[in-house]
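Enquirer: Below is the structure I would like to discuss, written out as structure tokens.
Read the figures in this text as sums done on the coordinates, not as results from a lab. Being a predicted model, the structure only gives us computed values, none of them experimental. Neighbour counts run over all protein chains shown; Cβ positions are idealised from the backbone, glycine included.
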Amino acid sequence: MVNRAELGVIRGARAGDAACQLALGKLYLFGGASLPRNMPTALHWLNRAARQQQAEAWMLIGSHVPFEHARHCVDEVLPWYERAFAAGVEQAGVVLAQLAPPNHVEMQEALLRKARFDVLPAESAWDGLAPLHNRGLAAVPREPSVENREQAAQAGDRAAQLALGLWFARLQRDGSRQPDGIATVNFKRAIRWLTLAGEQGDPDAWFALSRIYMKPEFSQRSVAEAQVCLERAAELGHRNAQRECGLYAWRHRRHEADGDVRAMYWLQKATAQGCEQAQRQLARIAPAPRAAAWGPALLALAPAALHTLAMRQPLLAARLTLARAFGLNRAEALLLDVKEADHGHCLVVDIRASYGRSKRRLIALRTAQDRQLLDQVVAQFDRLDGCLEGNYRQRLYRLKTCLPALADELSTA
């Protein structure tokens, strides 16, 4: 928590006091009693102080703010590096050479001759500076400025719109906070550009919008809007969005019809893209059926016997096929409404209306063979829709009559 002294400095800086802006910049530059070190925020306040003729502010910028932070606001900070270098700050000359336009080779060479190479960081953001004394001046790689990105975004460039939106929101593609970038976030501009990118089919944009709408510091925070954006990202194939949609649906399954079915759908989508967290959650929701659950007799049932049963009792044979494939017990095998249970990506086993001791559970269709088998069984029920199966007792009687050993086994499964 910010202490009283630092709170007074913050209030003074926001009110426009140059001395407070300088003090606040130093607090963020070096760290305070309760304020963490934050280079982009430090640069923001030092820049405001420098604009109010605080000489120490531009000296601190030239001495301590490296290229990777200065490159995001070149037009604003370039004069401060020039002044600091003229005052003898060698580090400012190195950064100034990096900030110079690539076609100003003479300017870069002159600056670098005056600045010593031992002030360069071990891993410079400009890989052409460090080995300059060995192989000559290299071209300066520079990222597009905010102005250039805005021009491209205005022209409809989806990548530029996404980059601008993430920049103004200070977010990375995975939704985490960006360590470098704009000092003060601008959610309004971020939402504008991310929405434009999202409407062009960019899943990262919708995912970033869902993060923004969940932020407590955002004045228009909306969980419902965040969920809408998250689902749009999931529909476009964003793996993390699919995982989160699955977890959200599972948490709210008691309040939404078929919430568990929707949860499994999204978790299966995320698992197919290699998401290990989704795979673990999916295993908890719908564990793979175990052979021991229905015993050896059903597994050992000869195809010829099943074929003979299918000639006499086709729907009963289809139910036994499901029981063997998906681990159904006797009550589930005989009472399941097969066509209602099929949800495309999973089988919903819910016989509570007819068998009170049972529990609703989901069975994932994990392979193409599972899907093909279920399609065959559903087609069998469609063809024989007018064939009355009778109630549970009648179905059980047929089972005991045709396969007595199997009936005894299923009664204990």
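Enquirer: Modelling each spin label as a point 7 Å along the Cα-to-Cβ direction, I'd like the ASP375/ALA224 distance in nm, to one decimal.
Expert: That separation, rounded to one decimal, is 4.0 nm.
Enquirer: Quote to one decimal, in nm, the extra length available between ASN148 and ALA272 on full extension: 0.36 nm per residue of separation minus the C-alpha distance between them.
Expert: Gain on extension, ASN148 to ALA272, equals 40.9 nm.
Enquirer: Could you work out how much longer the chain between ALA368 and ARG352 gets when fully extended? Use 0.36 nm per residue separation minus the Cα distance between them, nm to one decimal.
Expert: Result: 2.9 nm gained on full extension.
Enquirer: Quick check on packing: order 230-236, 89-95 by the mean number of other C-beta atoms within 10 Å, highest mean leading.
Expert: So the order, starting with the most tightly packed, is 89-95, 230-236.
Enquirer: Something else now. Once R0 is set to 56 Å, what does the formula 1/(1 + (r/R0)^6) return for the Cβ-Cβ distance between ASN391 and GLN279, expressed as a FRET efficiency to the nearest 0.05?
Expert: For R0 = 56 Å, the calculated efficiency reads 0.90.
Enquirer: Which length gain, in nm to one decimal place, applies between THR195 and ASP17 when the Cα-Cα distance is subtracted from 0.36 nm times their residue separation?
Expert: Numbers: separation 178, 0.36 × 178 = 64.08 nm, distance 3.67 nm.
Extending this stretch completely gives an extra 60.4 nm.
Enquirer: Lysines within cross-link reach of LYS188: Cα-Cα under 30 Å, excluding same-chain residues under 8 positions apart?
Expert: Filter leaves LYS26, LYS215.
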